[in-house]
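Only the coordinates and a few stated rules stand behind these numbers; no lab work does. Because the structure is a prediction, the values reported are computed rather than measured. Cβ placement follows ideal geometry from the backbone for every residue including glycine, while neighbour counts extend to all protein chains displayed.
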Amino acid sequence: MTTPVSDSRKLHNRAVLGVLLMLGGLALYALSDAFIKQLMGTYSVHQTSFLRAFTRLVPLSIAVMMQGGVRQIFSTKYPARHAIRLGVNLAYTYSFMYAFSVASLTTIYTLSYTSSLFMIVLSAVILKEKIAKEKWVAVAIGMIGVIIAIRPGTGVFEMAAMIVLIGTFLGSLNKILMRRLASTEHSLAIAVYPNITMILVTLPFLLATWQPMSWHDWGFFAVVGVITAAGQYAIAHSLRFAQGSTLASMDYSTFFWVVMLDFFWWQKSPDAFTLLGAAVIVGSNLYILFRSRREQAEKKQAAPA
C-alpha cells in the first residue's frame, strides 16, 4: 500500500506562483554570482565553493528547525534519487565555479541561456510533459533575442565556454530531477542536501588550498550564503507549482539582473542591441506564460463538472 503524500509535498498546478518563485530565486542567484565573481580573484574554487555552501547551510538549518525538525524534513523513501541528483548538482556547481574563475559574466550568462532548450527536451523525455509547438517557437525566439543582445564574439567556443555549456546542461537536468523529488520530498531537504554534499567534497582540499580571509570578505561570503540559500529554496519550491517547460524560459530573466549589476557595480551601460534583445526575450517569456495559462484554462473547461 502506498503511503499518502503530504499535501505540502504534492505537485500543484499554479503556474503563476511557480514562475514568480523562479524569477525571485534566479534574481538572487544573479546577485550572488556577482559577489562570487568578485571573490574568485582572491580565493580558490574549492575554498569559495566550501564557504558558499557553508554560509548557505546556516539559514537553511534555521529554517529546518522552524518547519518541523530534521526527522520530518529529511525523511525519504528515495535515497537513490537524491544521490543521483546530488551527483549531477555537484558537477554542475563545479563547472560554473570554475567558469567564474576564468570567464566573464557576459560569456557565462550568454551560454547559460541555452538552459531553456535543454529544459524543454528533458521535460519531454524525463517528465513526459507534452510540449506545445508554440512553446518551442517562443523559446527559439528568446534565444534569438539573447544573440541580438549579447552578440557573442569569435572566442565563444573556447574551453571555458564549453565548460559553461556542459554545466548548463547539467543544471537543466538538475532542475528536472528536483521536480521529480518535489512530488515526495520537502523543499528544504532538496535545498539542504547539495550544500552538505559540497562541504564534504571540498573539505579535504582545503588543507592544501586554504587562504586567510579578512572580515570584509567573511561578510561578503555571509551575504552570498543568505541570498543563495533563499534563491535555492525559492527555485526548489517553484518546481512544485509549475511544469519544467513553463519555467524553462524564466532563465532569461537573469539577463536583466546582469545588466543592472554591470551598470551599478562595474559602470557598464547597455547599448541599443542589448535593449532590442531584451525586448525580444521579454516578449517570448510573456507569451510562454500566456500560453501556459491558456492551456490550464482549457483543461479546466474540459474537465467534468
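Listed from fewest to most Cβ neighbours within 10 Å, the set L247, L206, L31 follows the order L206, L31, L247. If R₀ is 45 angstrom, what is the calculated FRET efficiency for the pair F256 and S75, using the beta carbon separation as r and rounding to 0.05? The value I calculate is 0.70.
Residues whose amide H falls under 5 Å from that of E129, counting only those 5 or more places apart or on a different chain, are A124, with hydrogens built in the peptide plane. Highest GNM mean-square fluctuation among A63, A34, A53, for the chain modelled with Cα contacts below 10 Å: A63.
Here the gap between E134 and I196, fully extended at 0.36 nm per residue and compared with their Cα-Cα distance, gives a gain of 18.3 nm. In plain terms, if you count all Cα to Cα distances in the stretch 96-226 and split them into 5 Å steps from zero, the share in each step is 2, 8, 12, 15, 18, 16, 14, 9, 4, 2, 0 percent.
For the pair A297 and Q38, label points projected 7 Å from Cα toward Cβ lie 4.5 nm apart.
Across the stretch 15-105, Cα-Cα pairs farther apart than 22 Å form 46% of the total.
Taking 0.36 nm per residue of separation and subtracting the current Cα-Cα distance, fully stretching the chain between M213 and A91 would add 41.3 nm. Normalised by the number of residues in the chain, what is the relative contact order in percent for Cα pairs under 8 Å and 6+ residues apart? So the answer I get is 41 percent. Within the listed set T209, T55, T254, the Gaussian network model of the chain (springs between alpha-carbon atoms below 10 Å) gives the highest mean-square fluctuation for T209. For the chain, the membrane-span-like helices by this rule, meaning whole DSSP H stretches whose C-alpha atoms cover at least 27 Å of axis and whose Kyte-Doolittle mean is 0.0 or above, are 15-39, 45-66, 79-102, 159-182, 187-209, 215-238, 272-302; this says nothing about an actual membrane. Pairs over the 25 Å Cα-Cα cut-off, from the set K133/K300; K175/K300; K77/K175; K77/K128; K37/K135; K37/K175: K175/K300; K37/K135. For the chain, treating each Cα as an identical point scatterer without solvent, what Debye log10 I(q)/I(0) comes out at q = 0.10 1/Å? So the normalised log intensities work out to -0.56.
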